[in-house]
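Reading through the structure tokens given below for one structure.
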Amino acid sequence: MRDSLWVLINPDNNHWDSDFAREELERLAKKWDIEVTETGETRDTGFGQERKFILSGEEENILAFEEELDEVLY
């Protein structure tokens with residue numbers, strides 16, 4: 001399965017930075033055995049900058065990855 005995900009990389013409130021966000025993406029990708037590919041697409045959401053990522057792997061693993069990422073970053 002392939003899916004895309006927008007991740008808040010640089011929040012305006014500075015609760016984390018892009019290095020931390022990328023480290024967590026990498027850690028969780030290994031944990032859930034999925035491939036995460038960073039795209040060049042960004043958008044400003046009004047509360048920080050988001051970057052688009054492409055996720056590849058088993059559907060259940062991608063869903064678990066997204067859920068755990070939400071807990072860590074948001």
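The values are calculated or read from the model by the stated rules, or taken from the named source; none is laboratory data. What you see is a predicted model, and the numbers here were worked out from it, not measured in a lab. Cβ sites come from the backbone with ideal geometry, for glycine too, and all protein chains shown count toward neighbours.
In the set S18, S56, which member is surrounded by fewer than 18 Cβ atoms within 10 Å (Cβ to Cβ) and at pLDDT 95 or above? Steps first, answer last, please.
Details: S18 fails: at pLDDT 95 or above.
Of S18, S56, the one residue that is surrounded by fewer than 18 Cβ atoms within 10 Å (Cβ to Cβ) and at pLDDT 95 or above is S56.
So which strands (runs of 3 or more DSSP E) stay within the chain end to end and still have 1 or more residues that are aromatic (F, W, Y) and touching a residue at least 24 places away in the same chain (Cβ under 8 Å)?
Working: elements: 2-11, 35-44, 48-56.
In the chain, the matching strands (runs of 3 or more DSSP E) lie at 2-11, 48-56.
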